[in-house]
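Chemist: This is the structure, below, for whatever I ask next.
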């Protein structure tokens, strides 16, 4: 008996992808991909942007139909049955839940409404709601995903919205949960709690497919990792046998060196904020107050914080979208330009927005036009009110080359590019003006390792050149790696800055959740 | 089921789908035509002959297309910026009122002076009529759909008041119509005995200019940017409010020109039924053309052809005139469907 128990019986397979292939015109997005997910298992799916992860998940979830291959899902008795292709309904019925990277929530409805949407019977909806409320309370308690059920989703932060998405899937009693970059917006403590939740859920038998590019968390959370590159599954590791370096190399196809911050003495003072206050408003909800901050040349100042603590208002201020309500801001010793974004750009300030899709680019316009959104009025790009189209195209070609952007050319609609390529172009648009002060707001959110390394390299290069950079980020690794000094934003106040070399992630986490006021 | 954007619509589909749309509309309209006791084939033959079967029929179609091109452009320009101007009908009437005020004897100037002056003044009137709704939208967030739509009725009542009062033609035997335009304010005919007038050329040049404006100029670039993503435009420092204001003025001006063209080129005087809904049909024209200024010309000619053909059909074949309206409506719906099928792919 003891002998028999020592041989672990592998858990039954709940999901199997067999030789999935999908072609879009010239592009082979998926090529003969096999994947197996067992009951109670957390499997990581890794890959760069464009590696085929999204296509594979879309096929699994019925948004696309594979050219060949099959998706098999275990039914309630455990037998594997082919999933009817091309039907999200069938996927839902088979117990597959998905939390997308881009949320599918209705902003004007309450959290509860969003979660129960589509599950409510016409008969006795009120009764159903009370049951739903109870069930959700249980789920929230056990999963550690607190959200105000009656608040409209539109008033929630990005982080909270994601929690709603996870709850929405859990509420539907899924047997397979697919999470697309779930930790991108969480604090370290929240991420920890999510991992605990996922471990607990998997222990209860939930099979989880975890799409991520943060290698350390993948190694920590998952036993197995499957790596996609250029549409093919190039490796499958047991995480116990693989180092993050090996996995990263499998993803990118070559060794990735993360750029390092060299020690440079800070230069002259560029930006001084004293007692600055901005009331809450349309640009980001929470107001900010008592902000004191100094930024020097050759320096990156990191702003940490859980989303929704005033970073958005702070970024709107530095982007020129709102004016300070009180206090003083000086830029290189002169008063802060109050004429909006255009005045800031003219004063040598470069700004990249937090939400690159809604604030950064105009998805329907071609790359070339997007790249002159801030400079189209200059002599270089217009003459007598007419755009100089030849120069626009030539300019776009240069930036595409310099920033190694994968695209069809300057005439392609920018909305069709991957997040990494869009961010490269946005950064290029800002950096080519050689700004002295740069606002980088979540510059690498949702990007893959290769793109992150590239963006970090460019920011560090700007620092070397003499720029001062304010880096607002929720990725603490990024803050620690790039920043000279770090301050934490909590409930609209900014802590004193701390040298990045003398602070731990744990300390930052405590400041971010307001459990301590100052770093020890 | 869902729609997926086609990156590159196949060429055969671009050609085949409008043809299929016309056939579909004809098949559907055949039912009420047959119920009305008409010879369906004869009815369609009459429709085709009357709209493009002869040089004269063709000029009739182009004459009808003239105001539609202008109101279509008015809608296309505004919609590109996501400024929902539903008030082209009212702006058209206001343009017509101003054209009549200047061109029915008040000024005695030579045609080369009077005609451009009257056209410019009408455009200005249409533009100014758009100023209020745009300003309210920018300042107080008032929905411009509501304000522009309601101003149509204000404009129509204003025309009624003018025609019963100060503008009434004393020679009109009591009919509410204005004094006739003087010869110096009348747009010249383009072809001998047809009704096609120089307003058609004005409309064509307007389409070309608007295309140039949208695709080639800095202001057009701003309009397209604001229309596609006003937030990104604001972040980049574009003057979003100014773009809306400018777009509203241009849109109103185009609709005002449409009204001037009708009184100065076709009718010769103003009545309260100057426009059979050209302002509203302009919206359909703009949608058919997918807001492309050059496409507006083709779409307007198509819509005008259906109007002209259906009118003639109901007169000669002797079916009730509402069947003509039905044919028009079905053709437009089928055509919009064809545009959708071309641009999107249906996915299960």
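Chemist: Output the number of the condition that residue A:282 fails; it satisfies all remaining conditions of (1) touching a helix residue (DSSP H, G or I) at 6+ places or on another chain (Cβ under 8 Å); (2) at pLDDT below 95; (3) closer than 22 Å to residue A:474 by Cα.
Modeler: (1)
Chemist: Check whether at least one residue in region B:110-121 is touching a residue at least 12 places away in the same chain (Cβ under 8 Å), in contact with a strand residue (DSSP E or B) (Cβ under 9 Å, 6 or more places away or on another chain) and more than 23 Å from residue B:151 (Cα to Cα), and report yes or no. Show your work before the answer.
Modeler: Here is the first cut: in region B:110-121, the ones touching a residue at least 12 places away in the same chain (Cβ under 8 Å) are B:110-111, B:114-115, B:117-119, B:121.
Cutting the leftovers down to in contact with a strand residue (DSSP E or B) (Cβ under 9 Å, 6 or more places away or on another chain) gives us none.
There is no residue in region B:110-121 that is touching a residue at least 12 places away in the same chain (Cβ under 8 Å), in contact with a strand residue (DSSP E or B) (Cβ under 9 Å, 6 or more places away or on another chain) and more than 23 Å from residue B:151 (Cα to Cα).
Chemist: Would you pick out the residues in region A:392-409 that are at pLDDT 95 or above and either surrounded by 22 or more Cβ atoms within 10 Å (Cβ to Cβ) or within 13 Å of chain B (Cβ to nearest Cβ) (or both)?
Modeler: A:392, A:396, A:400
Chemist: Could you check, for region B:268-290, whether at least one of its residues is within 14 Å of chain A (Cβ to nearest Cβ), in contact (Cβ under 8 Å) with a residue 40 or more places away in the chain, in contact with a helix residue (DSSP H, G or I) (Cβ under 9 Å, 6 or more places away or on another chain) and outside any helix (DSSP H, G or I)? Spell out how you get there, then give the answer.
Modeler: Let us first name the residues in region B:268-290 that are within 14 Å of chain A (Cβ to nearest Cβ), namely B:290.
Right, trim to in contact (Cβ under 8 Å) with a residue 40 or more places away in the chain and you get B:290.
When the remaining residues are screened for being in contact with a helix residue (DSSP H, G or I) (Cβ under 9 Å, 6 or more places away or on another chain), the result is B:290.
In the following step, the residues that additionally are outside any helix (DSSP H, G or I) were identified as B:290.
Yes, region B:268-290 contains at least one residue that is within 14 Å of chain A (Cβ to nearest Cβ), in contact (Cβ under 8 Å) with a residue 40 or more places away in the chain, in contact with a helix residue (DSSP H, G or I) (Cβ under 9 Å, 6 or more places away or on another chain) and outside any helix (DSSP H, G or I).
Chemist: Moving on to the next point. Among (1) out of contact with any helix residue (DSSP H, G or I) (no Cβ under 9 Å at 6 or more places or on another chain); (2) crowded, with 18+ Cβ neighbours inside 10 Å, there is one condition residue A:170 misses while meeting the rest; what is its number?
Modeler: Unmet for residue A:170, out of (1) out of contact with any helix residue (DSSP H, G or I) (no Cβ under 9 Å at 6 or more places or on another chain); (2) crowded, with 18+ Cβ neighbours inside 10 Å: (1).
Chemist: Only one of these conditions is not met by residue B:300: (1) outside any loop (DSSP other than H, G, I, E, B); (2) within 14 Å of chain A (Cβ to nearest Cβ); (3) touching a helix residue (DSSP H, G or I) at 6+ places or on another chain (Cβ under 8 Å). Which number is it?
Modeler: Here residue B:300 meets the rest and fails (2).
Chemist: Something else now. For the structure I just gave you, tell me whether residue A:306 is surrounded by 21 or more Cβ atoms within 10 Å (Cβ to Cβ), assigned to a loop (DSSP other than H, G, I, E, B) and away from chain B (no Cβ under 14 Å). Let's see the steps before the verdict.
Modeler: Numbers: surrounded by 21 or more Cβ atoms within 10 Å (Cβ to Cβ): yes; assigned to a loop (DSSP other than H, G, I, E, B): yes; away from chain B (no Cβ under 14 Å): yes.
Against the criterion (surrounded by 21 or more Cβ atoms within 10 Å (Cβ to Cβ), assigned to a loop (DSSP other than H, G, I, E, B) and away from chain B (no Cβ under 14 Å)), residue A:306 qualifies.
Chemist: Among the residues of region B:202-213, is any surrounded by 22 or more Cβ atoms within 10 Å (Cβ to Cβ), within 14 Å of another protein chain (Cβ to nearest Cβ) and in contact (Cβ under 8 Å) with a residue 60 or more places away in the chain?
Modeler: Checked against the condition, which is being surrounded by 22 or more Cβ atoms within 10 Å (Cβ to Cβ), within 14 Å of another protein chain (Cβ to nearest Cβ) and in contact (Cβ under 8 Å) with a residue 60 or more places away in the chain, region B:202-213 yields no hits at all.
Chemist: Let me ask you something else. Can you pull out every residue in region B:327-348 that is away from chain A (no Cβ under 14 Å) and modelled with pLDDT under 85? Break it down into steps so the answer makes sense when it comes.
Modeler: Looking only at region B:327-348, we keep the residues that are away from chain A (no Cβ under 14 Å), and these are B:327-342, B:344.
Within region B:327-348, B:327, B:328, B:331, B:332, B:335, B:336, B:339, B:340, B:341, B:342, B:344 qualify.
Chemist: Residue by residue through region B:217-253, note down the ones that are under 29 Å from residue B:118 (Cβ atoms) and at the interface with another protein chain (Cβ under 8 Å from one of its Cβ atoms).
Modeler: B:217, B:219
Chemist: Further, regarding this structure: Here is a check on your reading of the model: is residue A:422 within 14 Å of another protein chain (Cβ to nearest Cβ), surrounded by 18 or more Cβ atoms within 10 Å (Cβ to Cβ), under 18 Å from the mean Cα position of the chain (by Cα) and under 23 Å from residue A:344 (Cα atoms)?
Modeler: Details: within 14 Å of another protein chain (Cβ to nearest Cβ): yes; surrounded by 18 or more Cβ atoms within 10 Å (Cβ to Cβ): yes; under 18 Å from the mean Cα position of the chain (by Cα): yes; under 23 Å from residue A:344 (Cα atoms): yes.
Yes.
Chemist: Kindly indicate which of A:43, A:56 is part of a strand (DSSP E or B) and in contact with a strand residue (DSSP E or B) (Cβ under 9 Å, 6 or more places away or on another chain).
Modeler: A:43
Conditions tested, residue by residue: (1) outside the structural domain of residue A:478 (by TED's automatic domain parsing); (2) within 28 Å of the chain's Cα centre (by Cα).
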residue	(1), (2)
A:270	no, no
A:304	no, yes
A:307	no, yes
A:318	no, yes
A:338	no, no
A:354	yes, yes
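Chemist: Name the residues in region B:243-269 that are touching a strand residue (DSSP E or B) at 6+ places or on another chain (Cβ under 6 Å) and either surrounded by fewer than 24 Cβ atoms within 10 Å (Cβ to Cβ) or modelled with pLDDT under 95 (or both), would you?
Modeler: Step one: of region B:243-269, the residues touching a strand residue (DSSP E or B) at 6+ places or on another chain (Cβ under 6 Å) are B:265, B:269.
Selection gives B:269 alone.
Chemist: Just to verify a result, which residue in region A:327-368, among those that are more than 10 Å from every other protein chain (Cβ to nearest Cβ) and assigned to a helix (DSSP H, G or I), is surrounded by the fewest Cβ atoms within 10 Å (Cβ to Cβ)?
Modeler: That would be A:368.
Chemist: Residues A:404, A:448: which one is assigned by TED's automatic domain parsing to the domain that holds residue A:321 and over 30 Å from residue A:334 (Cα atoms)?
Modeler: Numbers: A:404 fails: assigned by TED's automatic domain parsing to the domain that holds residue A:321.
None of the others qualify; the one that does is A:448.
Per-residue answers, yes or no, for (1) at pLDDT below 95; (2) assigned to a helix (DSSP H, G or I); (3) surrounded by fewer than 18 Cβ atoms within 10 Å (Cβ to Cβ); (4) touching a helix residue (DSSP H, G or I) at 6+ places or on another chain (Cβ under 9 Å):
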| position | (1), (2), (3), (4) |
| --- | --- |
| B:114 | no, yes, no, yes |
| B:123 | no, yes, no, yes |
| B:128 | no, yes, yes, yes |
| B:131 | no, yes, yes, yes |
| B:136 | no, yes, yes, yes |
| B:142 | no, no, yes, yes |
| B:146 | no, yes, yes, yes |
| B:151 | no, yes, no, yes |
| B:159 | no, yes, no, yes |
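Chemist: Would you mind stating whether residue A:149 is at pLDDT 85 or above, buried (at least 16 other Cβ atoms within 10 Å of the Cβ) and more than 26 Å from residue A:30 (Cβ to Cβ)?
Modeler: On the way: at pLDDT 85 or above: yes; buried (at least 16 other Cβ atoms within 10 Å of the Cβ): yes; more than 26 Å from residue A:30 (Cβ to Cβ): yes.
Spelling it out, residue A:149 is indeed at pLDDT 85 or above, buried (at least 16 other Cβ atoms within 10 Å of the Cβ) and more than 26 Å from residue A:30 (Cβ to Cβ).
Chemist: Out of region A:241-267, which residues are in contact (Cβ under 8 Å) with a residue 40 or more places away in the chain and outside any helix (DSSP H, G or I)?
Modeler: Of everything in region A:241-267, those that are in contact (Cβ under 8 Å) with a residue 40 or more places away in the chain and outside any helix (DSSP H, G or I) turn out to be A:256, A:257, A:258, A:259, A:260, A:261, A:262, A:264, A:266, A:267.
Chemist: Which members of region A:369-390 meet the condition of being more than 7 Å from chain B (Cβ to nearest Cβ), assigned to a loop (DSSP other than H, G, I, E, B) and closer than 23 Å to residue A:444 by Cα?
Modeler: Within region A:369-390, the subset more than 7 Å from chain B (Cβ to nearest Cβ) is A:370-372, A:375, A:378-381, A:383-384, A:388-390.
Next, from what is left, pick out any that are assigned to a loop (DSSP other than H, G, I, E, B): A:371-372, A:375, A:378-381, A:384, A:388.
Across region A:369-390, the qualifying residues are A:371, A:372.
Chemist: From the list B:71, B:63, which one is at negative phi, crowded, with 24+ Cβ neighbours inside 10 Å and in a helix (DSSP H, G or I)? Spell out the reasoning first.
Modeler: Numbers: B:63 fails: crowded, with 24+ Cβ neighbours inside 10 Å.
On inspection, the qualifying residue turns out to be B:71.
Chemist: Among the residues of region B:184-201, what is the count of those that are in a strand (DSSP E or B) and either within 12 Å of chain A (Cβ to nearest Cβ) or surrounded by fewer than 22 Cβ atoms within 10 Å (Cβ to Cβ) (or both)? Give the steps one after another, and end with the answer.
Modeler: We begin by selecting, within region B:184-201, every residue in a strand (DSSP E or B); these are B:189, B:197.
Imposing the further condition that a residue be either within 12 Å of chain A (Cβ to nearest Cβ) or surrounded by fewer than 22 Cβ atoms within 10 Å (Cβ to Cβ) (or both) reduces the set to B:189.
Residues in region B:184-201 being in a strand (DSSP E or B) and either within 12 Å of chain A (Cβ to nearest Cβ) or surrounded by fewer than 22 Cβ atoms within 10 Å (Cβ to Cβ) (or both): 1 in total.
The values are calculated or read from the model by the stated rules, or taken from the named source; none is laboratory data. Keep in mind it's a predicted model, so treat the numbers as computed, not measured. Reconstructed Cβ throughout: ideal geometry from the backbone, glycine too, with neighbour counts over all protein chains shown.
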